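Heads up: the structure comes next, in structure tokens.
The values are calculated or read from the model by the stated rules, or taken from the named source; none is laboratory data. Keep in mind it's a predicted model, so treat the numbers as computed, not measured. In this analysis, Cβ positions are derived from the backbone assuming ideal geometry, glycine residues included, and neighbour counts consider all displayed protein chains. All accessible areas refer to the heavy atoms of the entire protein, side chains included, with ligands and DNA or RNA removed. Shrake-Rupley method; radii C 1.70, N 1.55, O 1.52, S 1.80 Å.
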Amino acid sequence: MRRLIRLTGPDALSLLQGLVSNDVLPLKARGIVYAALLTPQGRYLADFFVVNTGTELLLDLPESLADGVMRRLAMYRLRADVAFAVSDLSVSRGIGDAPEGALPDPRHPALGWRLYGAPLPEATVDWDAIRVAHIIPETGVELIPDETLILEAGFERLNGVDFRKGCYVGQEVTARMKHKTELRKGLVRLHISGTAPAGTPILMADGREAGRLFTQSGDRALAQMRLDRLAGPLQAGDAILRADA
């Protein structure tokens with residue numbers, strides 16, 4: 001489920017610009033940007049789309065995280081001239097030919113389009129299969145509040161972070177990970193035989209933990225892994241995993 005929040009006031013974009021991981025100033029014109037809100041320590045709090053439909057500015061948020069995001073935005077608002085209100089628009093999404101007014105999902109072309117307005121009939125799409133095929137994390141599954149680091153979740157590849165925009169909450173930690181360290185962990189796709197619940201630890205043959213299993217689709221799965229522990233047989237519960245070719 002999603003919630004749409006309408007942002008009004010001349011300071012709406014500048015408020016977001018100082019808080020979120022991506023550059024939203026291009027949204028002075030019609031468009032869509034994927035971004036995250038982080039803790040000061042650089043941990044993920046929420047991900048969302050910032051959308052200029054051509055007539056209004058919207059936040060397209062996961063329903064489960066919307067209240068917390070709005071409380072945090074209100075906390076940072078101070079004297080900024082910006083107001084928030086729940087929008088009565090709906091968000092529809094699909095793949096294939098996009099309807100008039102739709103915007104491309106900025107994370108990956110395989111995720112199709114998003115449309116803001118009257119609801120459309122829900123398309124029959126195996127979104128988990130698309131996410132696994134293209135290593136795209138999902139809110140509340142691979143993206144865990146107060147835990148996930150967005151570069152380890154692939155936000156640079158998914159157009160969710162901008163390293164030239166200047167300061168935002170959590171920027172220092174994120175920039176340091178980009179420029180001064182080599183990532184030791186990351187979201188990867190593995191081949192899987194069998195099944196195991198999301199969150200199951202993935203163990204090496206010697207019993208050391210290598211990562212955690214998340215979304216499965218067919219014989220592939222997404223996992224958050226230590227990148228130096230991908231070689232050799234891996235096991236999560238009763239499931240056997242190996243690096244995907």
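Some points to look at:
- Residue selected from segment 102-138 under the condition touching a strand residue (DSSP E or B) at 6+ places or on another chain (Cβ under 6 Å) and surrounded by fewer than 18 Cβ atoms within 10 Å (Cβ to Cβ), by the criterion farthest from Thr55 (Cα to Cα): Ala129
- Complete set of residues in segment 88-108 that are under 24 Å from Leu19 (Cβ atoms), hydrophobic (A, V, I, L, M, F, W, C) and in a loop (DSSP other than H, G, I, E, B): Leu89
- The set of residues from segment 190-228 being touching a strand residue (DSSP E or B) at 6+ places or on another chain (Cβ under 7 Å), open to solvent by 10 Å² or more (accessible area, probe 1.4 Å) and among the hydrophobic types (A, V, I, L, M, F, W, C) comprises Ala196, Ala198, Leu203, Met204, Phe214, Leu227.
- Long-range neighbours under 8 Å by Cβ, at least six apart or interchain, first residue in contact (Cβ under 8 Å) with a residue 40 or more places away in the chain and among the charged types (D, E, K, R) within segment 35-48, second outside any strand (DSSP E or B) and open to solvent by 10 Å² or more (accessible area, probe 1.4 Å): Arg43/Pro145; Arg43/Asp146; Arg43/Glu147; Arg43/Thr148
- Qualifying residue in segment 177-188 (condition: within 27 Å of Pro104 (Cβ to Cβ), among the hydrophobic types (A, V, I, L, M, F, W, C) and either touching a helix residue (DSSP H, G or I) at 6+ places or on another chain (Cβ under 9 Å) or open to solvent by 60 Å² or more (accessible area, probe 1.4 Å) (or both)): yes
- Residues located in segment 74-87, provided they are at pLDDT 95 or above and not in a strand (DSSP E or B): Asp81, Val82, Ser87
- Wholly within segment 168-245, strands (runs of 3 or more DSSP E) carrying at least 1 residues that are out of contact with any Cys (no Cβ under 8 Å at 6 or more places or on another chain), of a type in the set (Ser, Thr, Tyr) and in contact (Cβ under 8 Å) with a residue 12 or more places away in the chain: 185-193, 209-217
- Residues of segment 109-143 satisfying the condition of being free of Cβ contacts under 8 Å to residues at least 40 places away in the same chain and in a loop (DSSP other than H, G, I, E, B): Gly112, Ala118, Pro119, Leu120, Pro121, Glu122, Ala123, Thr124, Val125, Ile136
- Among the residues of segment 3-42, those that are of a type outside the set (A, V, I, L, M, F, W, C), assigned to a strand (DSSP E or B) and buried (at least 16 other Cβ atoms within 10 Å of the Cβ) comprise Arg3, Arg6, Gly31, Tyr34.
- Annotation for segment 58-70: no member residue is in a loop (DSSP other than H, G, I, E, B), open to solvent by 10 Å² or more (accessible area, probe 1.4 Å) and either in contact with a helix residue (DSSP H, G or I) (Cβ under 6 Å, 6 or more places away or on another chain) or touching a residue at least 60 places away in the same chain (Cβ under 8 Å) (or both).
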